[in-house]
Amino acid sequence: MSHRAHVEAVDRTLKDLRSSANVMGGITFVFAGDFRQTLPVVNRGTRADIMKACLKSSHLWTSVQHLNLRTNMRAHLHGNTHSNFPQQLLKLGEGILPSLNLGTDYAVTLNESLGQIVYNLDSLIDAIYPDIENLHQNDFRWLCCRAIVSPRNETVNEINNLIMQKVPGEVKCYKSIDTVTNIEDAVHYPQEFLNSLNPAGLPPHELSLKVGTPIMLLRNLRPPNMCNGTRLLIKELKDNLIVAKIITGPAAGELAHIPRIPMIPTDLPIPFKRLQFPVKISFALTINKSQGQTFKLVGIDLRKECFTHGQLYVALSRVGAPDHQYILLPENNITSNVVYREALQ
Ligand SMILES: Nc1ncnc2c1ncn2[C@@H]1O[C@H](COP(=O)(O)OP(=O)(O)OP(=O)(O)O)[C@@H](O)[C@H]1O
(Lines give C-alpha, C1' and ligand atoms only; values in the text may rest on other atoms or scores of the structure.)
Protein backbone atom coordinates (compact mmCIF):
# COMPACT_ATOMS: atom_id res chain seq x y z
CA MET A 1 0.00 0.00 0.00
CA SER A 2 1.26 3.49 -0.86
CA HIS A 3 2.58 5.80 1.85
CA ARG A 4 0.18 8.70 2.30
CA ALA A 5 3.06 11.13 1.48
CA HIS A 6 3.18 9.74 -2.08
CA VAL A 7 -0.52 10.43 -2.61
CA GLU A 8 -0.20 13.89 -1.08
CA ALA A 9 2.71 14.63 -3.46
CA VAL A 10 0.49 13.67 -6.43
CA ASP A 11 -2.22 15.96 -5.04
CA ARG A 12 0.18 18.95 -4.79
CA THR A 13 1.58 18.26 -8.27
CA LEU A 14 -1.86 18.10 -9.87
CA LYS A 15 -2.91 21.32 -8.07
CA ASP A 16 0.21 23.04 -9.49
CA LEU A 17 -0.19 21.65 -13.01
CA ARG A 18 -3.87 22.59 -13.23
CA SER A 19 -3.54 25.85 -11.28
CA SER A 20 -6.43 24.67 -9.14
CA ALA A 21 -6.96 24.59 -5.38
CA ASN A 22 -9.36 21.63 -5.67
CA VAL A 23 -8.39 18.18 -4.40
CA MET A 24 -6.21 16.42 -7.04
CA GLY A 25 -6.43 19.60 -9.13
CA GLY A 26 -10.12 18.83 -9.78
CA ILE A 27 -9.45 15.50 -11.49
CA THR A 28 -11.42 12.38 -10.53
CA PHE A 29 -8.83 10.05 -9.03
CA VAL A 30 -9.56 6.35 -8.48
CA PHE A 31 -7.79 4.56 -5.62
CA ALA A 32 -8.06 0.78 -5.42
CA GLY A 33 -7.16 -0.90 -2.19
CA ASP A 34 -8.06 -3.08 0.73
CA PHE A 35 -7.26 -1.90 4.25
CA ARG A 36 -7.34 -5.49 5.48
CA GLN A 37 -4.05 -5.95 3.60
CA THR A 38 -0.61 -4.90 4.82
CA LEU A 39 -0.16 -1.17 5.41
CA PRO A 40 2.86 0.96 4.33
CA VAL A 41 6.11 -0.39 5.74
CA VAL A 42 7.75 1.93 8.26
CA ASN A 43 11.21 0.72 9.30
CA ARG A 44 11.29 0.07 13.02
CA GLY A 45 7.96 1.93 13.18
CA THR A 46 5.38 1.52 15.94
CA ARG A 47 1.69 0.79 15.35
CA ALA A 48 1.05 4.56 15.58
CA ASP A 49 3.80 5.31 13.02
CA ILE A 50 2.29 2.79 10.60
CA MET A 51 -1.20 4.26 11.02
CA LYS A 52 0.23 7.77 10.48
CA ALA A 53 1.74 6.63 7.16
CA CYS A 54 -1.60 5.22 6.02
CA LEU A 55 -3.82 7.08 3.51
CA LYS A 56 -6.61 7.08 6.11
CA SER A 57 -4.54 9.55 8.20
CA SER A 58 -4.23 12.01 5.30
CA HIS A 59 -6.31 15.19 5.02
CA LEU A 60 -7.28 13.83 1.57
CA TRP A 61 -9.21 10.90 3.07
CA THR A 62 -12.19 13.09 3.98
CA SER A 63 -12.65 13.82 0.25
CA VAL A 64 -12.69 10.14 -0.76
CA GLN A 65 -16.01 8.57 -1.71
CA HIS A 66 -16.07 4.84 -0.90
CA LEU A 67 -17.35 2.20 -3.33
CA ASN A 68 -17.20 -1.46 -2.33
CA LEU A 69 -16.24 -4.40 -4.56
CA ARG A 70 -18.34 -7.39 -3.61
CA THR A 71 -17.05 -10.40 -5.54
CA ASN A 72 -13.75 -12.13 -4.78
CA MET A 73 -12.69 -12.55 -8.42
CA ARG A 74 -9.82 -14.87 -7.56
CA ALA A 75 -12.26 -17.30 -5.91
CA HIS A 76 -14.92 -16.67 -8.57
CA LEU A 77 -12.53 -17.50 -11.43
CA HIS A 78 -11.63 -20.69 -9.62
CA GLY A 79 -15.17 -21.96 -10.07
CA ASN A 80 -15.46 -21.44 -6.30
CA THR A 81 -17.23 -24.53 -5.16
CA HIS A 82 -16.03 -23.66 -1.63
CA SER A 83 -18.48 -20.79 -1.20
CA ASN A 84 -17.46 -20.28 2.41
CA PHE A 85 -13.85 -19.44 1.54
CA PRO A 86 -14.26 -15.73 0.54
CA GLN A 87 -16.40 -15.05 3.65
CA GLN A 88 -13.89 -16.81 5.92
CA LEU A 89 -11.10 -14.66 4.43
CA LEU A 90 -13.02 -11.44 5.01
CA LYS A 91 -13.70 -12.41 8.62
CA LEU A 92 -10.04 -13.24 9.12
CA GLY A 93 -9.02 -9.90 7.56
CA GLU A 94 -11.34 -8.06 9.90
CA GLY A 95 -10.10 -10.00 12.92
CA ILE A 96 -13.52 -11.51 13.66
CA LEU A 97 -12.77 -15.13 12.82
CA PRO A 98 -13.50 -17.10 15.99
CA SER A 99 -10.29 -17.45 17.91
CA LEU A 100 -9.25 -19.17 21.07
CA ASN A 101 -9.11 -17.05 24.14
CA LEU A 102 -5.38 -17.19 24.82
CA GLY A 103 -5.11 -13.82 26.43
CA THR A 104 -4.32 -12.14 23.12
CA ASP A 105 -6.56 -10.66 20.44
CA TYR A 106 -4.38 -12.06 17.74
CA ALA A 107 -4.45 -15.84 18.21
CA VAL A 108 -6.46 -17.67 15.57
CA THR A 109 -7.01 -21.36 14.89
CA LEU A 110 -6.68 -22.31 11.23
CA ASN A 111 -8.39 -25.37 9.78
CA GLU A 112 -9.02 -27.13 6.48
CA SER A 113 -11.60 -24.55 5.41
CA LEU A 114 -8.72 -22.13 4.70
CA GLY A 115 -6.08 -24.54 3.40
CA GLN A 116 -4.49 -27.93 3.78
CA ILE A 117 -2.50 -28.09 7.00
CA VAL A 118 1.01 -29.61 7.06
CA TYR A 119 3.40 -29.87 10.00
CA ASN A 120 6.88 -30.03 8.50
CA LEU A 121 8.84 -28.03 5.96
CA ASP A 122 9.66 -30.99 3.68
CA SER A 123 5.94 -31.72 3.20
CA LEU A 124 5.32 -28.06 2.36
CA ILE A 125 8.14 -27.97 -0.20
CA ASP A 126 7.02 -31.29 -1.77
CA ALA A 127 3.43 -30.04 -2.06
CA ILE A 128 4.38 -26.83 -3.85
CA TYR A 129 7.44 -28.00 -5.80
CA PRO A 130 6.89 -31.74 -6.42
CA ASP A 131 9.69 -33.53 -8.26
CA ILE A 132 11.98 -30.49 -7.88
CA GLU A 133 14.97 -32.62 -9.01
CA ASN A 134 13.47 -32.50 -12.51
CA LEU A 135 12.71 -28.78 -12.43
CA HIS A 136 14.33 -28.18 -15.84
CA GLN A 137 11.67 -30.29 -17.58
CA ASN A 138 8.96 -27.82 -16.61
CA ASP A 139 7.76 -24.86 -18.61
CA PHE A 140 8.19 -21.35 -17.09
CA ARG A 141 4.39 -21.24 -16.55
CA TRP A 142 4.76 -24.13 -14.05
CA LEU A 143 7.04 -21.95 -11.92
CA CYS A 144 5.26 -18.62 -12.20
CA CYS A 145 2.00 -19.93 -10.79
CA ARG A 146 3.42 -21.28 -7.49
CA ALA A 147 5.35 -19.93 -4.52
CA ILE A 148 6.00 -20.40 -0.82
CA VAL A 149 5.40 -17.31 1.31
CA SER A 150 6.50 -16.52 4.84
CA PRO A 151 6.37 -13.44 7.10
CA ARG A 152 10.15 -13.14 7.64
CA ASN A 153 13.15 -12.78 5.32
CA GLU A 154 15.27 -15.23 7.34
CA THR A 155 12.74 -18.06 6.78
CA VAL A 156 12.43 -17.15 3.11
CA ASN A 157 16.23 -17.39 2.73
CA GLU A 158 16.28 -20.74 4.56
CA ILE A 159 13.63 -22.22 2.22
CA ASN A 160 15.29 -20.82 -0.90
CA ASN A 161 18.66 -22.31 0.10
CA LEU A 162 17.06 -25.68 0.84
CA ILE A 163 15.28 -25.87 -2.52
CA MET A 164 18.38 -24.59 -4.38
CA GLN A 165 20.36 -27.54 -3.01
CA LYS A 166 17.81 -29.97 -4.46
CA VAL A 167 17.85 -28.43 -7.95
CA PRO A 168 20.42 -30.05 -10.25
CA GLY A 169 23.08 -27.92 -11.97
CA GLU A 170 26.27 -26.00 -11.32
CA VAL A 171 26.22 -23.14 -8.81
CA LYS A 172 27.65 -19.83 -9.97
CA CYS A 173 28.61 -17.49 -7.14
CA TYR A 174 28.75 -13.72 -7.73
CA LYS A 175 30.52 -11.66 -5.06
CA SER A 176 29.50 -8.04 -4.58
CA ILE A 177 31.84 -5.06 -4.30
CA ASP A 178 30.95 -3.20 -1.09
CA THR A 179 32.29 0.29 -0.38
CA VAL A 180 31.43 3.04 2.10
CA THR A 181 29.81 6.03 0.44
CA ASN A 182 31.97 8.46 2.39
CA ILE A 183 35.65 7.62 1.79
CA GLU A 184 36.61 8.97 5.24
CA ASP A 185 34.57 6.13 6.83
CA ALA A 186 36.75 3.51 5.11
CA VAL A 187 39.03 3.12 8.14
CA HIS A 188 36.05 2.47 10.46
CA TYR A 189 34.36 -0.23 8.38
CA PRO A 190 36.62 -2.93 6.95
CA GLN A 191 35.62 -4.67 3.74
CA GLU A 192 34.85 -7.96 5.54
CA PHE A 193 32.40 -6.17 7.83
CA LEU A 194 30.53 -4.58 4.91
CA ASN A 195 30.42 -7.99 3.18
CA SER A 196 28.82 -9.52 6.29
CA LEU A 197 25.87 -7.09 6.25
CA ASN A 198 22.64 -8.56 4.92
CA PRO A 199 19.94 -5.86 5.07
CA ALA A 200 16.43 -6.63 3.80
CA GLY A 201 15.89 -5.50 0.21
CA LEU A 202 19.56 -5.91 -0.74
CA PRO A 203 21.06 -8.97 -2.49
CA PRO A 204 23.67 -10.88 -0.45
CA HIS A 205 27.43 -10.35 -0.80
CA GLU A 206 27.74 -13.91 -2.12
CA LEU A 207 24.88 -14.49 -4.54
CA SER A 208 24.71 -18.18 -5.51
CA LEU A 209 22.57 -18.93 -8.56
CA LYS A 210 21.81 -21.85 -10.89
CA VAL A 211 20.45 -21.88 -14.43
CA GLY A 212 16.74 -22.81 -14.42
CA THR A 213 15.94 -21.32 -11.00
CA PRO A 214 13.48 -18.45 -10.44
CA ILE A 215 14.74 -15.06 -9.24
CA MET A 216 13.03 -11.84 -8.20
CA LEU A 217 14.12 -8.28 -9.00
CA LEU A 218 14.87 -6.12 -5.97
CA ARG A 219 14.88 -2.81 -7.83
CA ASN A 220 12.91 -1.13 -10.64
CA LEU A 221 15.12 -1.65 -13.70
CA ARG A 222 12.78 -0.94 -16.61
CA PRO A 223 9.15 -0.29 -15.52
CA PRO A 224 6.54 -1.54 -16.23
CA ASN A 225 8.17 -4.79 -17.40
CA MET A 226 11.05 -5.11 -14.94
CA CYS A 227 10.06 -3.78 -11.53
CA ASN A 228 10.88 -4.47 -7.91
CA GLY A 229 9.07 -7.81 -7.34
CA THR A 230 9.05 -9.06 -10.96
CA ARG A 231 9.95 -12.77 -11.14
CA LEU A 232 12.22 -14.20 -13.83
CA LEU A 233 13.66 -17.59 -14.75
CA ILE A 234 17.46 -17.78 -15.20
CA LYS A 235 18.48 -18.83 -18.71
CA GLU A 236 22.21 -17.98 -18.73
CA LEU A 237 24.70 -16.90 -16.09
CA LYS A 238 27.46 -14.88 -17.74
CA ASP A 239 30.33 -13.27 -15.82
CA ASN A 240 28.82 -9.80 -15.93
CA LEU A 241 25.24 -10.36 -17.01
CA ILE A 242 22.27 -12.55 -16.15
CA VAL A 243 20.02 -13.54 -19.04
CA ALA A 244 16.54 -14.44 -17.77
CA LYS A 245 12.98 -14.95 -18.99
CA ILE A 246 10.37 -12.70 -17.36
CA ILE A 247 7.65 -14.92 -15.84
CA THR A 248 5.31 -12.39 -14.18
CA GLY A 249 3.75 -9.08 -15.17
CA PRO A 250 2.90 -7.58 -18.56
CA ALA A 251 6.07 -8.83 -20.31
CA ALA A 252 5.84 -12.49 -19.20
CA GLY A 253 7.67 -14.71 -21.69
CA GLU A 254 10.16 -12.02 -22.83
CA LEU A 255 13.93 -12.33 -22.39
CA ALA A 256 15.68 -9.74 -20.21
CA HIS A 257 19.30 -8.86 -19.43
CA ILE A 258 20.18 -7.94 -15.85
CA PRO A 259 23.42 -6.04 -15.10
CA ARG A 260 25.14 -5.40 -11.76
CA ILE A 261 24.01 -2.09 -10.29
CA PRO A 262 25.04 -0.04 -7.21
CA MET A 263 22.51 -0.21 -4.38
CA ILE A 264 22.49 1.84 -1.17
CA PRO A 265 20.39 0.47 1.73
CA THR A 266 18.15 3.11 3.28
CA ASP A 267 17.59 1.60 6.72
CA LEU A 268 21.17 1.12 7.95
CA PRO A 269 23.11 3.65 10.03
CA ILE A 270 26.24 2.79 7.99
CA PRO A 271 26.13 4.50 4.57
CA PHE A 272 27.52 1.90 2.17
CA LYS A 273 27.06 0.90 -1.44
CA ARG A 274 26.83 -2.67 -2.81
CA LEU A 275 27.57 -3.39 -6.48
CA GLN A 276 25.69 -6.60 -7.22
CA PHE A 277 22.95 -8.09 -9.42
CA PRO A 278 19.66 -6.72 -7.96
CA VAL A 279 18.08 -10.16 -7.59
CA LYS A 280 17.38 -12.92 -5.09
CA ILE A 281 16.20 -16.52 -5.46
CA SER A 282 12.40 -16.66 -5.41
CA PHE A 283 11.10 -20.17 -4.78
CA ALA A 284 9.97 -18.49 -1.57
CA LEU A 285 9.16 -14.81 -0.96
CA THR A 286 7.93 -12.70 1.91
CA ILE A 287 4.19 -12.21 2.38
CA ASN A 288 4.68 -8.46 1.87
CA LYS A 289 6.30 -9.09 -1.54
CA SER A 290 3.47 -11.46 -2.52
CA GLN A 291 0.79 -8.78 -2.01
CA GLY A 292 -0.79 -8.06 -5.40
CA GLN A 293 0.22 -11.42 -6.92
CA THR A 294 -2.09 -14.29 -7.88
CA PHE A 295 -0.89 -17.91 -7.73
CA LYS A 296 -2.46 -21.26 -8.57
CA LEU A 297 -0.66 -23.03 -5.73
CA VAL A 298 0.79 -21.46 -2.62
CA GLY A 299 2.59 -22.72 0.48
CA ILE A 300 2.41 -20.59 3.64
CA ASP A 301 5.14 -21.15 6.20
CA LEU A 302 3.87 -19.97 9.59
CA ARG A 303 6.59 -21.52 11.78
CA LYS A 304 7.44 -17.88 12.52
CA GLU A 305 4.18 -16.01 13.07
CA CYS A 306 2.83 -12.97 11.22
CA PHE A 307 3.87 -9.81 13.05
CA THR A 308 2.00 -6.94 11.46
CA HIS A 309 -1.43 -5.92 10.23
CA GLY A 310 -2.86 -7.89 7.30
CA GLN A 311 -0.03 -10.35 6.71
CA LEU A 312 -2.07 -13.49 7.40
CA TYR A 313 -4.99 -12.20 5.31
CA VAL A 314 -2.69 -11.42 2.35
CA ALA A 315 -0.95 -14.82 2.62
CA LEU A 316 -4.23 -16.75 2.68
CA SER A 317 -5.82 -14.81 -0.20
CA ARG A 318 -3.23 -15.42 -2.99
CA VAL A 319 -5.22 -18.32 -4.49
CA GLY A 320 -8.89 -18.83 -5.28
CA ALA A 321 -9.61 -22.00 -3.29
CA PRO A 322 -8.44 -23.60 -0.04
CA ASP A 323 -7.43 -26.87 -1.69
CA HIS A 324 -4.78 -24.90 -3.61
CA GLN A 325 -2.96 -23.72 -0.53
CA TYR A 326 -0.86 -25.56 2.03
CA ILE A 327 -0.24 -24.07 5.47
CA LEU A 328 2.70 -25.09 7.65
CA LEU A 329 1.58 -24.68 11.26
CA PRO A 330 2.65 -25.65 14.74
CA GLU A 331 0.84 -28.76 15.99
CA ASN A 332 -1.87 -26.84 17.87
CA ASN A 333 -2.92 -25.14 14.56
CA ILE A 334 -2.79 -21.74 16.28
CA THR A 335 -1.12 -18.75 14.71
CA SER A 336 -1.10 -14.99 15.02
CA ASN A 337 -3.48 -12.78 12.99
CA VAL A 338 -2.55 -9.15 13.63
CA VAL A 339 -5.37 -6.74 12.79
CA TYR A 340 -5.23 -2.99 13.54
CA ARG A 341 -8.94 -2.26 14.00
CA GLU A 342 -8.32 1.48 13.55
CA ALA A 343 -7.21 0.81 9.95
CA LEU A 344 -10.60 -0.73 9.17
CA GLN A 345 -12.86 1.93 10.69
N1 LIG B 1 -13.55 -8.17 -13.54
C2 LIG B 1 -12.71 -9.19 -13.64
N3 LIG B 1 -12.92 -10.14 -14.56
C4 LIG B 1 -12.11 -11.21 -14.68
N5 LIG B 1 -11.04 -11.42 -13.90
C6 LIG B 1 -10.77 -10.52 -12.95
C7 LIG B 1 -11.59 -9.35 -12.77
N8 LIG B 1 -11.07 -8.64 -11.75
C9 LIG B 1 -9.99 -9.33 -11.32
N10 LIG B 1 -9.80 -10.45 -12.04
C11 LIG B 1 -8.76 -11.45 -11.84
O12 LIG B 1 -8.72 -11.74 -10.46
C13 LIG B 1 -7.38 -11.85 -10.01
C14 LIG B 1 -7.11 -10.82 -8.94
O15 LIG B 1 -7.19 -9.52 -9.52
P16 LIG B 1 -6.26 -8.31 -9.09
O17 LIG B 1 -4.85 -8.79 -8.92
O18 LIG B 1 -6.53 -7.16 -9.96
O19 LIG B 1 -6.91 -8.02 -7.67
P20 LIG B 1 -6.30 -7.24 -6.47
O21 LIG B 1 -7.45 -6.64 -5.73
O22 LIG B 1 -5.19 -6.35 -6.90
O23 LIG B 1 -5.72 -8.43 -5.60
P24 LIG B 1 -4.85 -8.34 -4.28
O25 LIG B 1 -4.84 -6.93 -3.82
O26 LIG B 1 -5.55 -9.28 -3.34
O27 LIG B 1 -3.53 -8.88 -4.68
C28 LIG B 1 -6.50 -11.70 -11.22
O29 LIG B 1 -6.21 -13.00 -11.68
C30 LIG B 1 -7.37 -10.93 -12.19
O31 LIG B 1 -7.03 -11.24 -13.52
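The values are calculated or read from the model by the stated rules, or taken from the named source; none is laboratory data. Since this is a predicted model, take the numbers as computed values, not measurements. A quick note on method: Cβ atoms are made from the backbone with ideal geometry, for glycine too, and the neighbour counts reach across all protein chains shown. Side chains are part of the model used for accessible areas, which takes the heavy atoms of the whole protein and leaves out ligands, DNA and RNA. Shrake-Rupley method; radii C 1.70, N 1.55, O 1.52, S 1.80 Å.
Points to keep in mind about this one:
- Positive-end residue, the chain charge dipole about Cα centroid, Cβ charges, pick of Leu77, Leu302, Asn160: Leu77
- D_trans [Stokes-Einstein, Kirkwood Rh over alpha-carbon pairs] for segment 12-147, 10 °C, 1.306 mPa s, µm² s⁻¹: 79
- Above-threshold pairs, the threshold being 18 Å between Cα atoms, out of Lys175/Lys238; Lys172/Lys235; Lys166/Lys245; Lys175/Lys245; Lys235/Lys280; Lys235/Lys296: Lys166/Lys245; Lys175/Lys245; Lys235/Lys296
- Among His76, His309, His205, the largest mean-square fluctuation in a Gaussian network model of the chain, built with springs joining Cα atoms closer than 10 Å, belongs to His76.
- Selection from Leu90, His66, Pro204 lying farthest towards where the dipole of the chain points positive, charges on Cβ: His66
- Extreme residue, positive dipole direction of the chain, given options Val149, Pro250, Val187 (C-beta unit charges): Pro250
- Range of Cα positions in segment 156-314 per principal axis (Å), largest first: 51, 39, 33
- One equal scatterer on each Cα of segment 265-320, no solvent, Debye formula: the resulting log10 I(q)/I(0) at q = 0.26 Å⁻¹ is -1.08.
- For segment 221-296 versus segment 3-69, the gap between their alpha-carbon centres in whole angstrom: 27
- Expected 222 nm ellipticity per residue - DSSP helices of 4 or more, -39500 (n - 2.57), all of the chain, to 500: -6500 deg cm²/dmol
- Quarter the surface of the alpha carbon convex hull of segment 24-70 and you get the mean projected area, 4.3 square nanometres.
- Building the convex hull from the alpha-carbon atoms of segment 97-193 and averaging its projection over directions returns 11.9 nm².
- Taking 16 Å as the straight-line reach from the Cα of Lys273, the aspartates and glutamates in range (excluding those fewer than 8 positions away in the same chain) are Asp178, Glu184, Asp185, Glu192, Glu206.
- Cα pair distances exceeding 34 angstrom across the chain, given as percent: 32
- Debye-sum result for segment 223-331 in log10 I(q)/I(0), which assumes one identical scatterer on each alpha carbon, at q = 0.13, 0.23 Å⁻¹: -0.66, -1.24
- Taken over the alpha carbons of segment 108-148 as equal point scatterers, the Debye sum produces base-10 log I(q)/I(0) values at 0.21, 0.33 Å⁻¹ of -0.77, -1.17.
- Environment charge of His136, counting only residues whose C-beta is closer than 14 Å and scoring Lys/Arg +1, Asp/Glu -1: -1
- For Met226, solvent-accessible area (1.4 Å; no DNA, RNA or ligand), Å²: 10
- With the highest mean first, a sort of the peptides 313-325, 177-189 on other beta-carbon atoms found within 10 angstrom per residue produces 313-325, 177-189.
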